[in-house]
Amino acid sequence: MTAPLIFIDLETTGTRATRDRITEIAALKVIDDQPVDGWSSLINPGIRVPANISQLTGINDDMLADAPYFEDIAESLREWLGDGHTLVAHNARFDYSFLRNAFKRTGNDYRAPIMCTLRLSRRLAPQEPQHNLKAILARHAIEQTRAHRAEDDVNALWALWKTWQARYSDEVWSYALAEELRHRTLPAHLDSRQLTDLPESPGVYFFYGHNRLPLYVGKSVNLRRRVLSHFQRDYQDNKAMRLAQQIHHIEWEETAGDLGAQLREAQLVKSLMPIMNRQLRKQRKLTTWYWPSQASQPALISGDVLTKPYDGALYGLFRSAKDAKDTLRTIAEENKLCPQVLGLTKGKGRCFASQLGKCLGACQGKETLPAHTQRAQEALAQLQIKAWPWPGRIIIQEGPSASGKRTWHVVDHWCYLGSADTLKKAQLLTQATLPAFDVDSYRILNRFLRTPEQHGLRVKAL
Ligand SMILES: [Zn+2]
């Protein structure tokens with residue numbers, strides 16, 4: 001006797017496994033190619049079913065009002081599913097993650113191997129453009145009574161399974177099953193052959209969706225490990241699951257090391273605007289406090305200040321003028337500096353803060369302006385932006401990496417101009433126009449250039 005297979009289908013209130021809920025479960029237990037037992041139940045989700053979902057499934061709030069809640073059936077379903085029996089479903093990660101999360105909410109840790117018929121179909125018939133259930137059933141002339149009702153979908157899946165078994169030789173069929181189990185954690189639309197060449201070296205990787213839509217750009221010192229890790233945590237994490245559901249294609253670029261990977265990632269996120277990258281997406285305009293030498297207060301400036309020579313000091317990188325002012329205000333309060341002398345409030349003579357004992361009195365001559373300036377600059381010192389320590393452009397050599405890759409990065413005033421795999425090509429980049437100042441590049445470069453040798457970098461000023 002072979003281990004039972006559980007053909008299963010769920011209907012839900014939406015697509016997010018941690019927020020949406022199951023509305024119907026149907027399953028069919030098959031042992032030695034014989035159906036032995038069925039399970040089918042509507043489930044009261046405890047929340048309203050969105051109208052568009054009702055329209056798709058035909059399941060509405062009225063039908064669910066008297067249905068049991070998941071916790072009511074959890075125990076008997078858990079027993080029925082058994083331990084370690086493979087779940088067979090179309091886009092199995094979807095059903096599996098909903099099931100896992102539903103059990104989790106009732107205090108159960110349910111795990112099972114999964115077999116995805118969508119992936120299996122792509123493996124068996126790679127020439128076919130469509131692998132949604134409706135298209136596959138149509139290709140095999142399998143009749144389906146009501147699409148998107150769990151029991152009908154499960155019966156259709158079982159019919160499809162038998163059709164495949166009859167159609168393909170034992171050898172082809174068992175090879176497809178074995179391969180599918182081996183790659184079962186991979187996204188449904190992704191051809192796993194794309195992953196076989198992924199190197200264990202540093203670099204950036206790209207996830208593309210349908211029609212080459214850029215979904216996500218990431219970086220790592222180990223491309224292979226990082227990319228695969230995306231597909232191993234999607235059962236608990238909505239974002240990872242949405243990503244896994246949408247990936248159709250993966251690409252990558254090797255770099256000589258971590259610096260190249262980080263610079264390239266920041267650059268690509270801004271140029272490709274992948275829909276799942278939030279953090280680095282915006283080309284952030286720099287806002288900073290500029291304190292000119294001899295002045296008694298700083299001025300707020302934004303734009304490409306760091307790429308021009310200046311006389312004085314710059315403090316902080318802020319997203320907005322408001323952030324900059326809030327920060328300076330807090331520092332002033334903590335150090336009993338005068339908000340009026342700093343230009344944060346308007347007025348003449350004794351400031352309001354000093355009446356509250358929160359200003360040492362630079363506004364009324366109790367503290368000299370140079371003394372106040374010195375205290376303020378000391379308080380701000382931790383935020384001071386490093387002046388570019390070289391006369392102009394530099395070339396940073398990175399590598400060789402474990403795989404022998406070397407890269408030359410061209411940088412000027414904390415701006416990244418580009419990289420090349422030979423010094424000669426990099427020298428051509430030194431003629432490029434300076435890009436707009438970018439906060440992310442500044443942060444990356446500042447971190448690496450503090451101790452270049454620790455990162456295996458060699459810096460050459462031009
Ligand atoms: Zn004051």
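The values are calculated or read from the model by the stated rules, or taken from the named source; none is laboratory data. Quantities reported herein were computed from a predicted structural model and do not represent experimental measurements. FYI the Cβ positions are ideal-geometry reconstructions off the backbone, even for glycines, and counts take in every protein chain you see. Only protein heavy atoms, including side chains, enter the accessible area calculation; ligands, DNA and RNA are left aside. Shrake-Rupley method; radii C 1.70, N 1.55, O 1.52, S 1.80 Å.
A few comments on the model shown:
- The range 327-347 - residue that is basic (Lys, Arg) and assigned to a loop (DSSP other than H, G, I, E, B) and, of those, nearest to the ligand (Cβ to nearest atom): Lys336
- Residue that is surrounded by the most Cβ atoms within 10 Å (Cβ to Cβ), among those in the range 26-53 that are among the charged types (D, E, K, R) and part of a strand (DSSP E or B): Lys29
- Test: residue in the range 200-214 that is farther than 14 Å from Cys116 by Cα, among the polar types (S, T, N, Q) and not assigned by TED's automatic domain parsing to the domain that holds Ser121: yes
- Among residues of the range 17-75, those that are of a type in the set (Gly, Ala, Ser), at pLDDT 90 or above, in contact with a Phe, Trp or Tyr (Cβ under 8 Å, 6 or more places away or on another chain) and within 26 Å of Lys134 (Cβ to Cβ), counted: 2
- The C-beta contact set for the range 353-371 (first residue over 19 Å from Leu328 (Cβ atoms), second residue more than 8 Å from the ligand (Cβ to nearest atom), distance under 7 angstrom, 6+ apart or interchain) comprises Gln364/Gly349.
- Restricting the range 82-99 to residues that are modelled with pLDDT under 90 and of a type in the set (D, E, K, R), the residue that is most open to solvent (accessible area, probe 1.4 Å): Asp83
- Of Glu128, Glu143, all but one fail to be outside any helix (DSSP H, G or I), free of Cβ contacts under 8 Å to residues at least 24 places away in the same chain and open to solvent by less than 70 Å² (accessible area, probe 1.4 Å); the exception is Glu128.
- The one condition in (1) exposed (fewer than 13 other Cβ atoms within 10 Å of the Cβ); (2) outside the structural domain of Ala324 (by TED's automatic domain parsing); (3) not acidic (Asp, Glu) that Gly418 fails to fulfil: (1)
- Only a single criterion out of (1) outside any loop (DSSP other than H, G, I, E, B); (2) open to solvent by less than 10 Å² (accessible area, probe 1.4 Å); (3) modelled with pLDDT under 90 is not satisfied by Leu428, namely (2).
- For Ala244, the requirement of being more than 16 Å from the ligand (Cβ to nearest atom), at pLDDT below 95 and of a type in the set (Gly, Ala, Ser) is met.
- Glu79 under 24 Å from Trp158 (Cβ atoms), charged (D, E, K, R) and open to solvent by less than 20 Å² (accessible area, probe 1.4 Å): no
- Counting only residues that are of a type outside the set (Val, Ile, Thr) and either surrounded by 18 or more Cβ atoms within 10 Å (Cβ to Cβ) or closer than 30 Å to Asp311 by Cβ (or both), the range 399-411 holds 5 of them.
- Members of the range 146-182 that are over 22 Å from Asp32 (Cα atoms) and surrounded by fewer than 17 Cβ atoms within 10 Å (Cβ to Cβ): Arg146, Ala147
- Residue among Ala159, Ala188, Ala176 that alone is among the aliphatic types (A, V, I, L, M) and in contact with a strand residue (DSSP E or B) (Cβ under 7 Å, 6 or more places away or on another chain): Ala188
- Checking each residue in the range 348-375 for being touching a Phe, Trp or Tyr at 6+ places or on another chain (Cβ under 9 Å) and within 12 Å of the ligand (Cβ to nearest atom) picks out Lys358, Cys359.
- Checklist (1) crowded, with 19+ Cβ neighbours inside 10 Å; (2) without any contact (Cβ under 8 Å) to a residue 40 or more places away in the chain applied to Leu64, failing item: (2)
- For the range 268-275, the criterion of being touching a helix residue (DSSP H, G or I) at 6+ places or on another chain (Cβ under 6 Å) and hydroxyl-bearing (Ser, Thr, Tyr) is met by none of the residues.
- Residues satisfying the stated conditions in the range 101-124, i.e. in contact with a helix residue (DSSP H, G or I) (Cβ under 8 Å, 6 or more places away or on another chain) and without any contact (Cβ under 8 Å) to a residue 40 or more places away in the chain: Phe103, Arg105, Thr106, Asn108, Asp109, Tyr110, Arg111, Ser121
- Residues within the range 250-297 that are open to solvent by 50 Å² or more (accessible area, probe 1.4 Å), modelled with pLDDT under 85 and closer than 30 Å to Glu200 by Cβ, tallied: 3
- Entry remark, the range 376-398: residues being open to solvent by 60 Å² or more (accessible area, probe 1.4 Å), in a loop (DSSP other than H, G, I, E, B) and either among the charged types (D, E, K, R) or within 15 Å of the ligand (Cβ to nearest atom) (or both) number 1 in total.
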